[in-house]
Each structure stands twice: as structure tokens, then as C-alpha cells.
Amino acid sequence: MNEQTVHPKDDNSMALVSMIVGIISIVTSCCCCGGVILGSLAVVLACLSRVETYFDRRAKIGLACGIIGMVLGIAAGFVILLLIASAPSHGFSGSGFYFY
Amino acid sequence: MDIKRSDLKLYARRALKGCWGTIIGATLVYMAISYLFLIALESVMLAMLGNGIRTLLGGAVTIQVQTAGVTASVGMLLVILAVLYFVYLVVILLMSVGYQRLYLDAASGQKAKISTLFWAFSHKPWKFILISVLVALLAWITLLPVYVLAIASALTGRGSFAMVFLFVYYVIMIIVYAYVLLTFSQFYLILVEDPEKGIFEALSESHALMKGKRGSYFVLCLSFLGIALLGLLSGGLAMLWISPYMGCTFAVFYLALKGAVPEKLRLSPAQTAAASGPAYPGGGYYREVTPPQQSGYSPASGYPAGGGYQQTQQGGYQAQPGGYQAQQGGQQTQQSGYQARQDAYQMQQGGYQAQQGGYSYQSQQDTYQPQQAPISQEPASQGTKLEEPENRNPENGNPEYETPSENP
């Protein structure tokens, strides 16, 4: 009996995209809204990639990275707002950073 | 319908798997056409405003507008604007209907195509336009008391009564709107599925389908709030995926109301692969390939085995019960599905007549049925020549027939 074996091909590309976008969201979380935009996109893609009753492993990673990216992005936004609010009127902060 | 909300969403995701690209492409086409119309509308409006004001400032009595070398009056531009706006509304409306059809196709397991976006242009377009006009008219009529009261309160200067009335009226109208929208929520999908149905027939069918399911539909709508919020957070980018997901879930809900959810959506991809047995090549699952059935002779039966469609038969005919062995070497028989039959060799050897009824074998079956006619043994004279039948195929048979060496 000739037996031909085709290796399983995991074609859940949306989970893969979710993972990649989630990782990018963490990287760009310190940039302007990068973490929030890409993080929420990663979470949405991870949720939509579930076609079984369980989450794909890459979708889980994408979900986690997306949530982390969103949280970091929101935190970075708050920090930037606080720094802007606490900046002296002449444009210099105590540490010497320019804010405008 | 006894399908849970989470299952409906799962079915929608399964239905969309594999056609995300098509649906997102359709969304991009929809957006491109919408923006083209909007750009055209804004260009005409800007031309009217800019050139019209300039002409008025110049002291002209008749306002002339010159755009792209064409001089036109403002009245003509207004007509152009109205026509363009009407065409824009019609195109957007019909493409929205095509969207519903696209979602229904995806949920039904049919192939989703971008061209389905323009499906409504060729399937009773005036019916959908008429429905939209009637719906807009009804909405305007329900808001008529608000307009009347607002004008009256502005004229009389008594605003307190108007405020109370408007509050109560809005609360009542929200309840009525919600009831009507939930009751006739399947109206468009019914018409999209079968455009031949009448408007009132579709309304009554939607009413019958949604009986006792309004709450489920309402909760289903509310359950998209979270993911819609995420879509907003992503700057609207994720709405490219969320909006088809929502549309397809509503289509699956409609199919579930009718009890027509495709079976393949109920099964996970792994279950589908397992249920369908040996999967297709490249489908991503293990496959046990059965080689082509061996035609011809079975080794177990003592005959040489051949594979595939080309049968090499060597060794030929087995010894007859009478003790003769007729060697037929190098016979090559090509089987292509038909039944090759070698008709009877009639051998008259040593006073015996050995009749062999030939072999019947098919290429696709592993069946080998030696059809041996009953051998009639009767005394014959020595040295009788071998006679071949006239209808014997010379390509199948071995012309060099070996005469049996001994006579039992």
C-alpha cells in the first residue's frame, strides 16, 4: 500500500497576522498612538481568527501582545500628557526636554 | 432556533474563513466608489460657491460659473448637483443591498465574489429603491410632530411644554422604533435572498420569523459593542474586518431562524476534514492514498500481477484440468476501463479439446474472474492442429503458440 503523507498545513493566517501586529504594537507603543491602534487591531484579528472552539496558539500570543501594546500605548499617552501639563511655560522642563 | 449567540458568531467566522480577502476587497471598492461620488459632489458645490460669489462680487446680474472651461449657470449646476446626489444615493443603496447578498452568500457556504456587490443593479433595483424611499418617508412622518412643535414653540415663546412633550415623544418613539426595527429586521435579507417576493410578503415573513426572537436579536446586536469599540480605537482600521463579521453574523442568524444553517459551519475545520475522510491533496491534512487498483492477475492466485492500466501478462494461461499447459509469453494487454476479453482458445491436443473461456478483468477493480468454460474432454485424434478463433485480437494474443509437448 503506497501511503502518501501530506504534512498538516495550518492556514490560519489571521492568527499569524494578529501575532505580528501585536508584536509591532508593543514595539511602537511608545510612539504616537501606535500601541493603541495596532494593539486593538491585533486583539480584533485574534478574536476573529478563532474558527475552532479554542484559540490558536499564535492568536493567543497576538491577543496578549495586543493587550500589552494597548496598555503600554495608553500609559505612554498619559505619561506624555502629564509631561506636557507639567512643563514650564517657557518651554523647558526640569530635565531639559523640549516639549514644543 | 436553539443556537447560542457564541455559536452564531463562531459560524460566522467559519463562513468568513477563506473569503476575507474578497469581502475586504468589496469594501474597498465600495469605499472607492463612494469617495469618487463625494469628490464629484464637492467639486460641483465648490464650483458653485466660489465662482458664484466671485461673479456676484463682480456685479453681474446673471450668475455664470466657469469650471474647466465650461460656462454654466447656477441653475444648471443645481440640477447637476441634484442629479449627481440622487445617483450617488441610488448607487450606495444598491451596493449596500449587494453587501447583504455577499454576506448571505458567505453564510450559505456559496462562493463570495466582489461582483456580488453590484448584484442589486440587475435584480429588481427599483423595488429596493422604492422600499428605501418609503422607509425614509415613514421616518420623516414620525418626526413631523417634532418639527411642528418646534416651530410652534418658537413662534409662541412657550418652550417648557415643548420640552416635556419632546422628551416623552422621543422615549415613546425609541421604544416603537426598536420594536419595529427588531420585528422587521429580517426584511431586507428575505428580499435579498428572493427578490421575487413582494414587500408585504417579506414583511409578514420577517414578523413570523422574529416572533419570540426579538430579545435574542437585540442582545446579539448589543454584543458587538465591545468589538466595535476596539474598531474605533484602531482608528477605524479594524472595521474592515468587524463590519463583515457583524454582517455575516446577522446573515447566520437569519439562516438559523429558518433552520438553514449549512452543516459545514457546524463542524470545525478539523471535524470537517475528519468527516470527509481522505482529504484533498494540499488541503493540509493527512491523506492515505490508495494506489490504483491492480488489475489483472492476483499473485495469490498464482498469476503474475500487473499494475496500473497497462497490464503485462506473462505466463499466460494456466494448465487446464486436462493437464495441458498453454504458454502464452509476452502478451501485453492495455486496459483502459473496458473489459478485455480473450475469447476462447480452442485447443485440440492429444485427443482432448481444451476450451478456455478467456479472462475478464477490469482496470479499476481488483477482481479477476477467470472465466473458464467447462472443458469438454473428448477423445481426438493425435496431431490435431491448434485452431485459433477468427475474432482473436492479434495484439492481445501471442501468435507464437507453443504446442504442448506431451499428451497425457
*Above-threshold pairs, the threshold being 19 Å between Cα atoms, out of B:K111/B:K264; B:K213/B:K264; B:K124/B:K197; B:K113/B:K258; B:K17/B:K111*: B:K213/B:K264; B:K113/B:K258
*What ranking of B:L138, B:L220 comes out by heavy-atom accessible area, probe 1.4 Å, highest first?*
B:L138, B:L220
*Within the accessible area of the range A:13-99 (1.4 Å probe), percent carbon and sulfur*: 78 percent
*How many square angstrom of accessible surface are buried between B and A, both sides summed, with a 1.4 Å probe and rounding to 100?*
2400 Å²
*Stretchable slack from B:I24 to B:L41, in nm (0.36 nm times residue separation minus alpha-carbon distance)*: 3.6 nm
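If each residue of separation counts as 0.36 nm, what is the full-extension length gain between B:E196 and B:M76 once their alpha-carbon separation is subtracted?
Working: separation 120, 0.36 × 120 = 43.20 nm, distance 3.88 nm.
Answer, rounded to one decimal: 39.3 nm.
Could you grab the Rg to Rh ratio for the range B:95-203? Cα atoms only, Kirkwood for Rh.
Values: Rg = 19.4 Å, Rh = 16.6 Å.
Rounded to two decimals, Rg over Rh is 1.17.
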*Over 14 Å, how big is the tail of the calculated P(r) for the range A:13-99, in percent of all Cα pairs?*
61 percent
*Could you pull out every residue, at least 5 positions away or on a different chain, whose amide H is within less than 5 Å of the one on A:R50? Hs are placed 1.01 Å off N in the peptide plane, and Pro or chain starts have none.*
none
*Please work out how much accessible surface B:W119 shows to a 1.4 Å probe, ignoring ligands, DNA and RNA, in Å² rounded to 10.*
30 Å²
_Just to verify a number: FRET efficiency for B:A152 and B:V180, C-beta to C-beta distance, R0 = 35 Å, to 0.05?_
0.85
*Could you give the spread of the C-alpha atoms of the range B:214-254 along their three principal axes, from largest to smallest, in whole angstroms?*
32, 16, 7
*Sequence of A:M14, B:M246 from largest to smallest accessible area, 1.4 Å probe*: B:M246, A:M14
*With no solvent and one point per C-alpha, what does the Debye sum give as log10 I(q)/I(0) for the range B:123-266 at q = 0.12 Å⁻¹?*
-0.71
*Provide A:E52, B:E42 ordered by accessible surface of protein heavy atoms (probe 1.4 Å), highest first.*
B:E42, A:E52
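The values are calculated or read from the model by the stated rules, or taken from the named source; none is laboratory data. Since we're looking at a predicted model, the values are computed, not measured. Neighbour counts are summed over all protein chains in view; Cβ atoms, including those assigned to glycine, are modelled from backbone coordinates with ideal geometry. Note: accessible area is taken over every heavy atom of the protein model, side chains too, but ligands, DNA and RNA are not part of it. Shrake-Rupley method; radii C 1.70, N 1.55, O 1.52, S 1.80 Å.
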